[in-house]
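*Asks:* Please find one structure pasted underneath; my questions will follow.
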Amino acid sequence: MLSYRHGFHAGNHADVLKHFVTIQLLNYLGQKDAAYTYIDTHSGAGLYALDAGYASKNAEYETGIAPLWDRKDLPPALAEYVNLVKELNPSGKMRYYPGSPYCADKIMREQDRLRLFELHPSEIKILSENFRKLDAHAAAQGHRPTTRGKRVIITAGDGFEGLKALLPPPSRRGMVLIDPPYEVKDDYRRVKETVQDAALRFPTGVYAVWYPILQRMESKQLPERLKRIPGNGWLNVSLTIGGVTPDGFGLHSSGMFILNPPWTLEATLREVMPYLVSVLGKDAAATFTLESGETQVIGKGRGKPVSPPRTPVVRTRTR
């Protein structure tokens, strides 16, 4: 199915969680001089207009970036994300919102590499055009990177399958963002199998999975299944902005699961998540959860990975 267009949801509360966390992961990888590779399996268009087209129909950005736009009390880590969005809007008016490829491009350095996949025929054209415009803008400012052709590679195709050929990356350092539309139940299975396979090919990679929190069983089971994948620990965070409406429509909660997370990320989330609940929360059902744990890799043929008890789930609610 190729009916999904992320433009309808650009800048909503789920994007805030996804992009804020992604920026933190990339910042951590950038602390070392050695290059790293960022792989986005479902890149979308990369950049979205909030005042026209799909995004303007439901105005979902009003549940996410909009309430944060003029805040003066943003936690430092969250302020970095908001400022990145504001750089796209020099007039001060909120008109454009960056997708994960644009966020990554702004954070990453000249020596780092972006590998972007998109299957939707319309989205891949827009993604390619947006990066062409970025090149043109940089050239107009007198900046002509010598490695652009190698630094960013955009591929029209299935990111689940394309990921296999890229792991491990040449630098042996990298991050993978997996963010499918979850239009069909099979996406949940493919996410789990893709992360499991990727972790075998590239055990030290950082793997970030965004997922919707819905009533369907597959949604509830996904993070539990991801926790059993061997790695150097995991972290699972979710954000709920309100209770389910009577009609059952709309996305009110989503999560990010990170395999091999940076040791600094949990503390950052403990600071930022209560703030997001207080600002984005719509009613008393607004909350967040944050949990972490470890998986132990047992030698081949000696058993299955085991998980020690997880840390307690942290919750907070609006009043």
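*Asks:* Return the aspartates and glutamates within reach of Lys227: Cα separation strictly under 18 angstrom, same-chain partners fewer than 8 residues apart disregarded; answer none if there are no such residues.
*Replies:* Hits, sequence-local ones excluded: Asp179, Asp187, Glu193, Asp197, Glu218, Glu266, Glu291, Glu294.
*Asks:* Under 22 Å Cα to Cα from Lys150, which lysines show up? Leave out anything in the same chain fewer than 8 places away.
*Replies:* Lys32, Lys106, Lys125, Lys133, Lys164
*Asks:* Right, next: In the P(r) worked out for the range 78-125, what percent of Cα pairs fall beyond 15 Å?
*Replies:* The answer is 56 percent, as a whole percent.
Throughout, read-outs are computed from the coordinates displayed, never taken from laboratory work. As the structure is a computational prediction, the values presented were derived from the model and not from experiment.
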